[in-house]
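The structure appears right after this line, and notes come after that.
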Amino acid sequence: MKIVSLLGSPRPKGNSAFLADRFCRTAEALGAEIQTFALNKLKYRGCQACMTCKTKLDRCVLKDDLTEVLDAIRDAEALVLASPIYYGEVSSQLKAFIDRTFSYLGPDYVTNPHPSRLAPGKKLVMILAQGDPGEGQYADVFPRYDNFFKWYGFTESYLIRACGVLGPGEVEGRGEVLRQAEDAARRTAA
Ligand SMILES: Cc1cc2nc3c(=O)[nH]c(=O)nc-3n(C[C@H](O)[C@H](O)[C@H](O)COP(=O)(O)O)c2cc1C
């Protein structure tokens with residue numbers, strides 16, 4: 001199984017990256033092939049709303065570092081989106097990527113209930129780290145994006161969430177969240 005993992009934090013040793021690493025190592029031990037992209041190291045723009053992916057092409061017209069990422073996801077069976085919570089949302093690095101996934105939708109996306117250009121049945125794993133210890137805070141983030149990826153044909157999804165972690169690596173001592181990451185990896189790679 002091919003898994004693409006996107007790191008949305010600018011901190012290479014941050015909490016979301018640590019959890020993504022735990023997830024990926026566990027899946028790798030079960031035979032998965034992992035391709036990781038640290039978004040903060042890439043150069044790219046957000047969606048330009050040019051509509052070329054609806055009128056002339058079946059993909060995004062922009063040629064930048066996200067081109068390879070968007071192509072890799074077409075070939076993958078699972079996608080990991082790891083991000084810190086910044087101002088109640090995913091990081092801008094991850095959000096700009098998500099906007100570019102607009103190119104996965106065909107021209108009839110308004111009327112067609114299954115407008116995705118992606119093969120159906122992919123799995124989504126969302127990893128979120130936030131400083132606030134309250135689980136009710138930002139609980140809306142995962143379901144919102146989960147819905148959009150369901151629209152793209154993703155059928156299974158898992159959330160791994162660390163609340164109350166601020167400094168990089170703080171999640172290392174949170175056994176329950178680490179087990180969540182390992183568990184999600186076993187289910188994804190199964
Ligand atoms: C610019 C910025 C905005 C943040 N906004 C929030 C926030 O709205 N709510 C929250 O609980 N934590 C917030 N945090 C804290 C991070 O979510 C927390 O440190 C998290 O563990 C970072 O994940 P990372 O280690 O993967 O980068 C913010 C941190 C930064 C740097």
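The values are calculated or read from the model by the stated rules, or taken from the named source; none is laboratory data. All values derive from a computational prediction rather than experimental measurement. So basically every Cβ, Gly included, is an ideal-geometry build from the backbone, and we count neighbours across all protein chains shown. For the accessible areas, the whole protein counts, side chains as well, though only heavy atoms, and no ligand, DNA or RNA atoms are used. Shrake-Rupley method; radii C 1.70, N 1.55, O 1.52, S 1.80 Å.
Exactly one condition in (1) in contact (Cβ under 8 Å) with a residue 40 or more places away in the chain; (2) charged (D, E, K, R); (3) open to solvent by 50 Å² or more (accessible area, probe 1.4 Å) is not met by LYS123; state its number.
(3)
Within the range 159-169, can one find any residue that is in contact with a strand residue (DSSP E or B) (Cβ under 9 Å, 6 or more places away or on another chain) and away from the ligand (no atom under 13 Å from the Cβ)?
Yes; the residues of the range 159-169 include at least one that is in contact with a strand residue (DSSP E or B) (Cβ under 9 Å, 6 or more places away or on another chain) and away from the ligand (no atom under 13 Å from the Cβ).
Given SER103, SER83, SER92, which one is open to solvent by 10 Å² or more (accessible area, probe 1.4 Å), within 23 Å of LYS123 (Cα to Cα) and of a type in the set (Ser, Thr, Tyr)?
Result: SER92 is the single residue among SER103, SER83, SER92 that is open to solvent by 10 Å² or more (accessible area, probe 1.4 Å), within 23 Å of LYS123 (Cα to Cα) and of a type in the set (Ser, Thr, Tyr).
Condition check: open to solvent by 30 Å² or more (accessible area, probe 1.4 Å), modelled with pLDDT of 95 or more and either within 16 Å of the ligand (Cβ to nearest atom) or not β-branched (Val, Ile, Thr) (or both). Does LEU57 satisfy that?
Taking the combined requirement at face value, the residue satisfies it.
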